[in-house]
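Here is the structure we will look at.
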Amino acid sequence: MEFSNLLIETVDGIATLTVNRPQSLNALTGEVLRELECALYGLELDPEVKVVIVTGAGEKAFVAGADIKEMAAMDACQAHEFACTGQRVMQLIGQMKKPVIAAVNGFALGGGLELALACDFIYASEKAKFGLPEVTLGVIPGFGGTQNLARLIGPNRAKELIFTGRMISAVKAGEWGIVNEVFPPEELLVKARETAEAIARNGLKAVASAKDAVANGLNMAKGDGFRYEASLFGVLFASEDQKEGMAAFGERRKAEFKGR
């Protein structure tokens, strides 16, 4: 499918989804959000795709936020609908069975940081900047930022970033636990792809179950999380991938997983 604001390239099971509005620092409009939703559903259903990398076009921005010009004309009802659309996209990333890696190559502000936070983890360029500056515009993060950031780094750090509207560097974002690793700009996508390839070599049903266990377990009491993990563990023993993986280990060969 052709998109006006996105580029999708799939090579050896790794799909790179690029927000392609560099002239607007890849800002998120309602149209971009709807395209993202459609693209993500398509990638989830595509049997050839094993891992997704999300990034932004150009050298300046991953996504510099939601489009302020578009938002400035909204009334309260329209703004609520816009937030709900954005949240639906962010939640979709979390609900996907396939891992999604954010490769943040520049500004990740407002909705851009919220997009990155929705991914399973974040790699960043040394040039990347992170922030939730919505309060400087008289509003708050609306695409899940208050929820996802607080769960990731704790409420105190999250409130400091949200209340001040300040930007922090990639290094500081790493220190705070927002970013997994920081790389020179020219290495960012290479490193993201290396990790994606390492994931893609594993049993994809197992990876999907691990993503499920972490995401849902965080919303459960610890004992319930343990029980949920055990149930997923047991179910995987009925899969072809489990039998192949353990047979390959015993035979000292590389496993050939089929995702079944």
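Only one of the numbered conditions (1) over 19 Å from Ile93 (Cβ atoms); (2) at pLDDT 95 or above; (3) of a type in the set (D, E, K, R) is violated by Lys211, and that is (1).
When Cys84 is tested against (1) over 22 Å from Ser209 (Cα atoms); (2) in contact (Cβ under 8 Å) with a residue 12 or more places away in the chain, just one condition goes unmet, and that condition is (2). Here region 51-97 is the region considered, the condition is being in contact with a Pro (Cβ under 8 Å, 6 or more places away or on another chain) and in a loop (DSSP other than H, G, I, E, B), and the residue that is surrounded by the most Cβ atoms within 10 Å (Cβ to Cβ) is Gly65. Can you find even one residue in region 220-237 that is without any contact (Cβ under 8 Å) to a residue 12 or more places away in the chain, assigned by TED's automatic domain parsing to the domain that holds Glu48, more than 27 Å from Phe143 (Cβ to Cβ) and assigned to a helix (DSSP H, G or I)? Checked against the condition, which is being without any contact (Cβ under 8 Å) to a residue 12 or more places away in the chain, assigned by TED's automatic domain parsing to the domain that holds Glu48, more than 27 Å from Phe143 (Cβ to Cβ) and assigned to a helix (DSSP H, G or I), region 220-237 yields no hits at all. Screening Thr195 with (1) over 18 Å from the mean Cα position of the chain (by Cα); (2) modelled with pLDDT of 95 or more gives one miss only, at (1).
The condition of being over 20 Å from the mean Cα position of the chain (by Cα) and crowded, with 16+ Cβ neighbours inside 10 Å holds for only one of Gly225, Gly217, that being Gly225. Look at Ile178 and say whether it is modelled with pLDDT of 95 or more, surrounded by 18 or more Cβ atoms within 10 Å (Cβ to Cβ) and in a helix (DSSP H, G or I). Judged against the criteria, Ile178 is not a match. Suppose we filter region 15-38 for residues that are surrounded by 22 or more Cβ atoms within 10 Å (Cβ to Cβ) and either among the small types (Gly, Ala, Ser) or farther than 29 Å from Pro133 by Cα (or both); how many remain? Result for region 15-38: 2. Restrict the check to region 140-151 and report whether at least one residue is assigned by TED's automatic domain parsing to the domain that holds Gly106 and over 25 Å from Ala76 (Cβ atoms). Yes, region 140-151 contains at least one residue that is assigned by TED's automatic domain parsing to the domain that holds Gly106 and over 25 Å from Ala76 (Cβ atoms). Out of all the residues in region 132-149, is one or more under 15 Å from the mean Cα position of the chain (by Cα), at pLDDT 95 or above and among the charged types (D, E, K, R)? No, every residue in region 132-149 fails to be under 15 Å from the mean Cα position of the chain (by Cα), at pLDDT 95 or above and among the charged types (D, E, K, R). Select from region 1-46 the residues that are in a strand (DSSP E or B), of a type in the set (S, T, N, Q) and without any contact (Cβ under 8 Å) to a residue 40 or more places away in the chain and list them in ascending order. Those that are in a strand (DSSP E or B), of a type in the set (S, T, N, Q) and without any contact (Cβ under 8 Å) to a residue 40 or more places away in the chain: Thr10, Thr18.
Scanning region 14-26 for residues that are of a type in the set (Gly, Ala, Ser) and either modelled with pLDDT under 95 or more than 17 Å from the chain's Cα centre (by Cα) (or both) yields one hit, Ser24.
The values are calculated or read from the model by the stated rules, or taken from the named source; none is laboratory data. Predicted, not measured: the structure shown is a model, and the values here were computed from it. Note that we place each Cβ from the backbone using ideal geometry, even for glycine, and neighbour counts take in every protein chain shown.
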